[in-house]
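Q: Dropping a structure here in structure tokens format, bear with me for questions.
Please treat every number below as a calculation from the coordinates, not as lab data. Only a predicted model underlies this, so the values are computations on that prediction, with no experimental measurement involved. In this analysis, Cβ positions are derived from the backbone assuming ideal geometry, glycine residues included, and neighbour counts consider all displayed protein chains.
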Amino acid sequence: MGAEIRTNKKVKEWLFDPQNRLPVLLTCFLSLLVLFLVLFWNSPEGQRWLAQWQSYRHALQVQVQLAQALRYDPPMGTPLAHFIVKASKEFVVPSAPFLLLIVLGSCEGCGEKVVKDWAETLGNWETWRKENISGVLVLREGAEKVKKMVAEKGWQVTVIGDRKGKIAKALNACFLPRAYGFANGKLVWLQREPKMGVVGVLEEFLKVVKGEQGAAQVLNSWSAEMREKVWSKTVVGPTKGGVKR
């Protein structure tokens, strides 16, 4: 009993010694901190915070990689023939003053809808023809498959096959889809941000070749054409029993 009392007395003396106070407090703080972190990381809030941090770090890495890849973009003013002729001798450069070239991946799987959207956007509207704007789609497919696909789907846009990726490499298509704008056969604009969408790409390209006011007018004309087409289908449309009124 006496030995236990003496031991407790020595421990108290050691704890209350000014020289030992800081190490004791620091040890307690670190122990509590470790306990807090363990409990926090295993809580729902901790898992959510960790997921957000990982997502932010991944996005930052992607931005850095993209910035490095964009350093190899072709210079403005490069002729369209520089990218096309060696890869596809059968391709004839459209005569329209303005051309929007879209590099896409495969037309199958998840890329099928993207290809369809661009094919219909650039081929089905009179607005682009009036504004002397033509479109070219570059697919990661063989030439024969591309010809068959265009014939089956009835696309009114130029589509070329780039199965070996030569055109995509020459254009530095570091993400897909990626758009490139040409005026009078020379590169004047290229897409620098992924996932801009069809309308975003068209707007940025039109600003370069038509100016901001001209771009707004063209997009308004396109919207009006789309509304007119939807309205005509709603009011008058073919039915089995005759004309719908």
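Q: Cα-Cα over 32 Å: which of Lys169/Lys229; Lys166/Lys229; Lys148/Lys229; Lys164/Lys210?
A: Beyond 32 Å between Cα atoms: Lys169/Lys229; Lys166/Lys229; Lys164/Lys210.
Q: Using a Förster distance of 25 angstrom, determine the FRET efficiency expected from the C-beta separation of Gln52 and Val198, and round it to 0.05.
A: Taking R0 as 25 Å, the efficiency between Gln52 and Val198 is 0.25.
Q: If R0 is 45 Å, what FRET efficiency do you get for Thr27 and Leu60 from their C-beta distance, rounded to 0.05?
A: Plugging the Cβ-Cβ distance into 1/(1 + (r/R0)^6) gives 0.80.
Q: Compactness ratio of the range 80-234: Cα Rg over 2.2 N^0.38 Å, N = residue count?
A: After normalising by residue count via 2.2 N^0.38 Å, the value is 1.01.
Q: While we're on this one: Quick check: net charge around Phe98, other residues with Cβ under 10 Å of its Cβ, Lys/Arg +1 and Asp/Glu -1?
A: 0
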